[in-house]
1. Given (1) part of a helix (DSSP H, G or I); (2) surrounded by 20 or more Cβ atoms within 10 Å (Cβ to Cβ), identify the lone condition not met by residue 201.
2. Take region 207-220 and flag every residue that is free of Cβ contacts under 8 Å to residues at least 60 places away in the same chain and either touching a strand residue (DSSP E or B) at 6+ places or on another chain (Cβ under 6 Å) or not assigned by TED's automatic domain parsing to the domain that holds residue 164 (or both).
3. Would you check if residue 61 is in a helix (DSSP H, G or I), touching a residue at least 24 places away in the same chain (Cβ under 8 Å) and surrounded by 16 or more Cβ atoms within 10 Å (Cβ to Cβ)?
4. Specify which of the listed residues (29, 44, 16) is out of contact with any helix residue (DSSP H, G or I) (no Cβ under 9 Å at 6 or more places or on another chain), assigned by TED's automatic domain parsing to the domain that holds residue 83 and either surrounded by 13 or more Cβ atoms within 10 Å (Cβ to Cβ) or at pLDDT 95 or above (or both).
5. Does region 106-123 hold any residues that are out of contact with any strand residue (DSSP E or B) (no Cβ under 9 Å at 6 or more places or on another chain) and modelled with pLDDT of 85 or more, and which are they?
6. Please go through (1) crowded, with 22+ Cβ neighbours inside 10 Å; (2) under 19 Å from the mean Cα position of the chain (by Cα); (3) at pLDDT 85 or above; (4) not in a strand (DSSP E or B) for residue 71 and return the number of the only condition it doesn't satisfy.
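The values are calculated or read from the model by the stated rules, or taken from the named source; none is laboratory data. Predicted model only: the values in this text are computed from it and were never measured. Here the Cβ is made from the backbone with ideal geometry for all residues, glycine too, and neighbour counts use every protein chain on show.
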């Protein structure tokens with residue numbers, strides 16, 4: 001039996017939620033709707049969705065706060081939704097753990113593509129089947145174990161979000177080589193990525209904060225200006 005992925009839609013606009021729910025179900029997803037931040041956390045705990053589509057502006061508890069709380073216990077993919085003029089909020093959303101974001105208004109085809117791209121990179125439940133995981137990679141004192149979704153840096157465990165994990169794996173697996181920005185975006189965010197490339201910059205900054213001794217003077221994740229990034233063990 002094919003198991004459908006479940007999308008938790010968090011938005012306070014009732015008509016928008018209902019229309020989006022119908023559209024996503026036609027694309028083969030199951031959906032859950034939450035109208036405010038508190039309801040979103042309750043729905044997440046009760047239903048354990050596969051991905052969260054999270055508006056930034058919410059009653060009772062903001063999308064930023066919801067994202068921050070979810071990240072305390074879960075690595076579920078989170079796509080933040082913002083108005084076009086909410087650039088600061090968007091960056092903050094990425095900083096607190098969102099994997100991706102889209103701006104309103106957006107095209108359904110683009111949104112579905114982003115949902116599927118993020119789901120492809122989520123850990124697969126053993127009961128639901130899926131492709132095998134790649135092998136453990138190590139460079140210097142950084143070890144990335146995709147089977148257990150674990151990272152150890154200088155012998156200590158480090159908790160990463162899905163996108164941070166995928167990004168670190170790619171860089172460590174290519175240790176000593178420059179990985180171009182466009183390759184990173186395609187491998188981590190999916191082919192045909194149409195979002196703002198500052199998403200990558202924010203994730204690099206978050207990753208450095210977790211693996212570097214001094215993120216203001218990074219020695220592991222090096223910026224190669226005009227090209228991309230290189231992991232230097």
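1. Condition not satisfied by residue 201: (2).
2. Once the filter is applied, which keeps residues that are free of Cβ contacts under 8 Å to residues at least 60 places away in the same chain and either touching a strand residue (DSSP E or B) at 6+ places or on another chain (Cβ under 6 Å) or not assigned by TED's automatic domain parsing to the domain that holds residue 164 (or both), region 207-220 yields 208, 210.
3. It is false that residue 61 is in a helix (DSSP H, G or I), touching a residue at least 24 places away in the same chain (Cβ under 8 Å) and surrounded by 16 or more Cβ atoms within 10 Å (Cβ to Cβ).
4. None of the other options fit; the residue is 16.
5. The answer is 107, 108, 109, 112, 113, 116.
6. Result: residue 71 passes all but (1).
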